[in-house]
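Colleague: Right, I'll just put the structure down here and ask away after.
The values are calculated or read from the model by the stated rules, or taken from the named source; none is laboratory data. Nothing here was measured: the structure is a model prediction, and the numbers come from that model. Don't worry about glycine lacking a Cβ; one is built from the backbone with ideal geometry, like all the others, and counts go over all protein chains shown.
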Amino acid sequence: MKLVKKRNRIELVPENVIDSVMINRIKMKCSVFTKIGGGVLKPSKMFYLYDEENDTLVISCNQLDQITKMLLENGVQYTMSESVPKVATHNLDIATRPGMEFRDDVQRDYHKYLQNDYNTYLCQLQAGKGKTGSTLLSLLSDGKHSRMLICIQPTFNNIWFDAIEKFTNIESDKIVTVSGMTELLNIDSIEDDVAVVIISSVTLRNYFDSFYSGNLDTEMRPEHIPQILGTPVMILDEPHMDFSLAYKTVLALNPKKTIMLTASYDSPQDDPVVKRFKKLIILPEQVMPKAEFDKYVNVAFMQYRFNDIHKLVYMNKYTKYYSQVMLENSILKDNTRRVNYFKMVLSVAEQFYDRKHRMLVLFSRKDMCRAFYQYLVDNELYPEKDISTYLGGDSATVLESDIIISTEKSCGTGKDIDNCQCTVNTINSKSDYFGIQVSGRNRKMKDTEQYYVTLWATNITQHGTYKKYNMDLFHTRAKKITNDYYSYPV
């Protein structure tokens, strides 16, 4: 077996049948399996790349010791070599805006951390502590000012556009978004004066799938992308949202440095295989120590009770799991229950919303958001307020409304909402990622009590289970936790 180390990755090339068998065993050890019909196990998350045309397996360089040990234990002979990929740097005359500086010791410590000579960095600053802005300030502080490469889900594009405009002198026409295979395969035509290239993670996934399966007719290999763009540093925003893809992106593009930004990198609920690979993409000793958590959000758990619970559908009959989407669909189908439910949400909100700042209300379904919006407007409940829904495709200017009604996907992660004094969450979830991200929409405000309010039904067993789990989560994150109830059946 031939092993070739190339910065972030190791390429394994089998030379005989026994080597090929070992390649398949390594693949299995680098996968998370899920049961499908008939109890058959199918890999659902793969932490490797397999180039079918060249019969080459690509894994993380941090797996070298365990892989060589595995090969020796199975009597597989191997040769080891190393190739250092070239680093191309496209320098530009860009800088931070005058007066833009790190605002506190937390950001200054993060900047110092980025000066370490690592291949991969993990920024886990608390939501609202300025991960995006301080990363830009740090990258533009060393005088080199190379073109930036950012790989993100399209929903976060506006966040980066706004941050780049605020912190740097880069004009909006010097930022290029790459979405779709055609645009990606033509990145060599990007103008020289472009300072930032944002590549859609969805586009990267499709590209990897097509390229490594041998179904894409192109001379451009994934590892050519940083060289073509002249970007030695790659930024991965919110890698927890699709960690398998983030992992593959590091292996495939193989940049000199990768900076991952997220307030919720790992969770006790992660699959053991996922936990293992989160410690391989960046070694534990290279992770920046977490800053002391700033507890400024009050968490309120509000219980209520459904009337005629047997008429509601909230369990998926195929997966046997609780479904918030199905619950909301049942509520929407019953006019009386829908009105009663919205009255309950509004009554709860009024206990915490100060009417001076912004309020965010979260549902799971877009049609639920629209129905609640219509309920508020039709009943003239906030005549003095600007009320808007923020759903897929809406302009970010909507986030300047007084009352914002949105979904977890549209507004649950990464969205900066200035002066959000109260978040009312109707979605029930056990996920650490969900709780951390959604409660983080309340960016810290001065001299203002802020609230994250989450609703749960006492006669839905799963709600009670999730509530107990979230109580444990917020004991380490909340300024204060309270429990209260809505007394009328819904």
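Colleague: Taking the range 18-42 only, how many residues are assigned to a helix (DSSP H, G or I) and either at pLDDT 95 or above or under 25 Å from D65 (Cβ atoms) (or both)?
Modeller: Number of matching residues: 12.
Colleague: Which residues, counting only those in the range 43-74, are free of Cβ contacts under 8 Å to residues at least 24 places away in the same chain and outside any strand (DSSP E or B)?
Modeller: Selection gives D65, Q66, K69, L72, E73.
Colleague: Kindly indicate whether any position in the range 297-319 is in contact with a Phe, Trp or Tyr (Cβ under 6 Å, 6 or more places away or on another chain), in the same structural domain as C422 (by TED's automatic domain parsing), part of a helix (DSSP H, G or I) and hydrophobic (A, V, I, L, M, F, W, C).
Modeller: no
Colleague: Can you pull out the residues in the range 204-217 that are surrounded by fewer than 19 Cβ atoms within 10 Å (Cβ to Cβ) and of a type in the set (S, T, Y)?
Modeller: S210, S213
Colleague: Right, another one. Since D402 meets every condition but one in (1) under 27 Å from S323 (Cβ atoms); (2) charged (D, E, K, R); (3) surrounded by 14 or more Cβ atoms within 10 Å (Cβ to Cβ), which condition does it not meet?
Modeller: (1)
Colleague: Answer with yes or no whether Y375 is modelled with pLDDT of 95 or more, in contact with a Phe, Trp or Tyr (Cβ under 8 Å, 6 or more places away or on another chain) and either of a type in the set (G, A, S) or in a helix (DSSP H, G or I) (or both).
Modeller: yes
Colleague: E53 passes all but one of (1) modelled with pLDDT under 95; (2) touching a Ser or Thr at 6+ places or on another chain (Cβ under 8 Å); which number fails?
Modeller: Here E53 meets the rest and fails (2).
Colleague: Tally up the residues in the range 454-484 that are among the charged types (D, E, K, R) and either in a strand (DSSP E or B) or over 16 Å from D432 (Cα atoms) (or both), please.
Modeller: Final tally of qualifying residues: 3.
Colleague: Another one. Within the group M234, M181, which residue is modelled with pLDDT of 95 or more and out of contact with any strand residue (DSSP E or B) (no Cβ under 9 Å at 6 or more places or on another chain)?
Modeller: None of the others qualify; the one that does is M181.
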